[in-house]
Amino acid sequence: MKIEHVFSCNDYTEEQKVKLATTEFSNYTLVWRNKNQREMMRKEGREIDTWIEMRKVMRKRYVPTSYNRTMRQKLQRLSQGSLTLEEYYKEMKITLMRANIEEETEDTMARFLSGLNLDIRDVVELHEYVELDDLLHKAIRVEQQLKRKSTARRNSSNTFNQNWTNKSKKEGGNSSSPST
């Protein structure tokens with residue numbers, strides 16, 4: 001979260017963290033927070049005074065209980081599809097973080113590999129890789145190579161079609177019409 005990054009760059013007390021975080025609230029969230037603070041004062045005689053407590057209350061209010069399950073399901077269905085390898089990798093890493101999943105590197109590599117498009121996966125599986133970064137870089141190289149081959153095929157196909165069209169024009173147009 002952005003606010004966590006701000007906190008890590010500065011030496012704030014817990015009370016300052018709560019105050020700083022609440023400056024970002026607006027509209028309904030601000031009204032809800034003020035009501036929640038009044039209720040806590042009435043029930044417990046205190047306000048939320050630590051960032052950890054504030055985050056816990058905010059999650060309880062705004063993050064549905066099914067969030068982790070939804071993120072895990074998204075992760076299970078995640079595949080490269082029309083995404084570039086970089087986009088697919090980032091999406092997988094973000095979803096892992098949001099689902100709060102910390103898995104062994106081997107499991108993450110297997111997950112990444114199984115979601116790759118088949119043409120890339122088939123080539124990458126033939127190579128050695130030890131770390132996830134190795135796997136990612138090999139897959140990116142394969143993706144680039146496949147794009148180059150695809151571009152070359154398209155260009156040679158266009159050249160063939162242009163040569164055929166030019167040859168047809170030189171020979172007098174439509175070769176299927178009878179000559180008299």
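A few points about this structure:
- Residue that is surrounded by 11 or more Cβ atoms within 10 Å (Cβ to Cβ), out of contact with any strand residue (DSSP E or B) (no Cβ under 9 Å at 6 or more places or on another chain) and among the charged types (D, E, K, R), where the choices are 128, 53: 53
- Residue within the range 1-12 that is among the aliphatic types (A, V, I, L, M), assigned by TED's automatic domain parsing to the domain that holds residue 139 and under 30 Å from residue 110 (Cβ atoms) present: no
- Long-range neighbours under 8 Å by Cβ, at least six apart or interchain, first residue among the basic types (Lys, Arg) within the range 136-148, second surrounded by 15 or more Cβ atoms within 10 Å (Cβ to Cβ): 138/124; 138/129
- Among residues of the range 5-25, those that are farther than 23 Å from residue 46 by Cα and either over 26 Å from the mean Cα position of the chain (by Cα) or at pLDDT 80 or above (or both), counted: 3
- Considering 121, 153, the condition of being more than 26 Å from residue 68 (Cβ to Cβ) and modelled with pLDDT of 95 or more is satisfied by 121 alone.
- Listing of helices (runs of 4 or more DSSP H) fully contained in the range 1-117 that carry 2 or more residues being more than 28 Å from residue 141 (Cβ to Cβ): 2-9, 14-22, 27-44, 51-62, 67-77
- Of all residues in the range 80-100, exactly one satisfies the criterion of being surrounded by fewer than 16 Cβ atoms within 10 Å (Cβ to Cβ), among the β-branched types (Val, Ile, Thr) and within 10 Å of the chain's Cα centre (by Cα), namely 94.
- Of the residues contained in the range 62-79, one or more are found to be surrounded by fewer than 11 Cβ atoms within 10 Å (Cβ to Cβ) and under 29 Å from residue 12 (Cα atoms).
Residue by residue, here is whether (1) of a type in the set (D, E, K, R); (2) closer than 23 Å to residue 2 by Cβ holds:
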residue: 45; (1), (2): no, no
residue: 50; (1), (2): no, yes
residue: 65; (1), (2): no, no
residue: 133; (1), (2): yes, no
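- Matching residues in the range 91-118 - criterion: being small (Gly, Ala, Ser) and at pLDDT 90 or above: 110, 114, 115
The values are calculated or read from the model by the stated rules, or taken from the named source; none is laboratory data. Model, not experiment: these values are computed from the prediction. A quick note on method: Cβ atoms are made from the backbone with ideal geometry, for glycine too, and the neighbour counts reach across all protein chains shown.
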